[in-house]
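So the structure is just underneath, and the comments pick up after that.
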Amino acid sequence: MKIGRFLIGGKETYGFVKDGQIATKEEIISKTGIPIPLSIKEFLFDGWYKEVISQNPRLDYSVKLSDAKILAPIPNPPKVICLAFNYVDHAKEQNLSPPTDPAIVIIPRTTLNGTNSEIVCPSFVKQLDYEVELAIIIAKDCKNVQEKDAMDSIFGYMVFNDVSARDIQAQDKQFGRAKGFDTFAPCGPWITTADEISDTQNLKMTTKVNGVLRQNSNTTNMFIKIPSIVEKLSRVMTLERGDIISTGTPAGVMLNKPDAIFLKDGDKIEMEIEKIGKLENTVRFVH
């Protein structure tokens, strides 16, 4: 199932997506009689989603996706965790070896942004970069998860653009501020539930800027695989339902390249991960 959050007719809602159509929360209530909650987080993680799916409802999908503004799927996750240098091809282009334990940065939820929205960047940033990543959504609170059980802790997946101000990153010698600007984490376009993805470690992923291919890789190049990511992070911190873990980016970013072409005002970014979806965003520099 693909589950998104939307603005339709000026009102926020959520629902299922299929073939360019939406079955909204209101339609789900009408068809099933189940009084699902206002909050998408409660719907996903408090048992409402399982109850609805168990009824196998016959939904009309009566709203066109083109008539909705697509919002970031989860507006208020407990944590947004991003991994660095977790792709073999990306580490190689930086003359590094991938770390055997997750090198992470935790960014604020105010970075989250939806598809077809602007990435708003202050003009003092001079080196703006993109990073296509596969993000996982944690299904339940968990601690010290064993790798063999890790996939049971995942609700679903989405595309994540870990936008980075490389000049700020170089100045600070760490990533928090460089990745922490409002709107710097477009994600979605919706959550694809885990049962729809048979092999998360073999998904094609691409980035295009103004139609030009910049990143072209596959999640098979991920160094620390998803079950191990969950295991290793849960040894450090309690993972909570709704947490977003973005699993790193492959080769093709502009970081440390002598001929780097950084993002500029008006650039159009398209990011796509096979079976998960596509993000489309426009860069906007402001004073």
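Just so it is clear, none of the values below were taken in a lab; they were calculated from the coordinates. In this text, all values refer to a predicted model and were calculated from it rather than measured experimentally. Every residue, glycine among them, receives a Cβ derived from its backbone with ideal geometry; neighbour counts consider all protein chains shown.
Quick notes
- The chain: calculated mean residue ellipticity at 222 nm from DSSP helix runs of at least 4, using -39500 (n - 2.57): -4500 deg cm²/dmol
- When the chain is treated as a Gaussian network with alpha carbon springs shorter than 10 Å, the biggest mean-square fluctuation among Val88, Val17, Val52 belongs to Val52.
- Taking the C-alpha atoms only, the angle from helix 226-236 to the longest principal axis of the chain is near 80 degrees.
- Set of lysines with alpha-carbon distance to Lys11 below 23 Å, sequence-local pairs under 8 removed: Lys2, Lys25, Lys31, Lys41, Lys64, Lys69
- Rounded to whole Å, sorted largest first: equivalent-ellipsoid semi-axes of the stretch 179-287, Cα gyration tensor: 26, 17, 15
- In order through the stretch 138-154: 3J(HN,Hα) via Karplus (6.51 cos²θ - 1.76 cosθ + 1.60), integer Hz, x for Gly, Pro: 6, 8, 7, 4, 7, 9, 6, 6, 7, 4, 5, 9, 4, 5, 5, 8, 10
- Cross-link table Lys126/Lys225; Lys225/Lys268; Lys148/Lys232; Lys208/Lys264, entries beyond 22 Å C-alpha to C-alpha: Lys126/Lys225; Lys225/Lys268
- Loop-resident sites, the stretch 102-198, for chymotrypsin sites (Phe, Trp or Tyr not before Pro), counting at most 14 other Cβ within 10 Å (DSSP): Phe124
- Near Lys2: Cβ cut-off under 13 Å, other residues only, Lys/Arg at +1 and Asp/Glu at -1. The net charge is +1.
- Residues whose amide H lies under 5 Å from that of Thr183, counting only those 5 or more places away or on a different chain, are Thr111, Leu112; hydrogens are built 1.01 Å from N in the peptide plane.
- Backbone phi angles across the stretch 197-213, fed through the Karplus curve with coefficients 6.51, -1.76 and 1.60 (θ = phi - 60°), yield HN-Hα couplings of 10, 6, 9, 6, 9, 8, 10, 5, 9, 9, 10, 10, 10, 6, x, 9, 5 Hz in residue order; Gly and Pro are listed as x.
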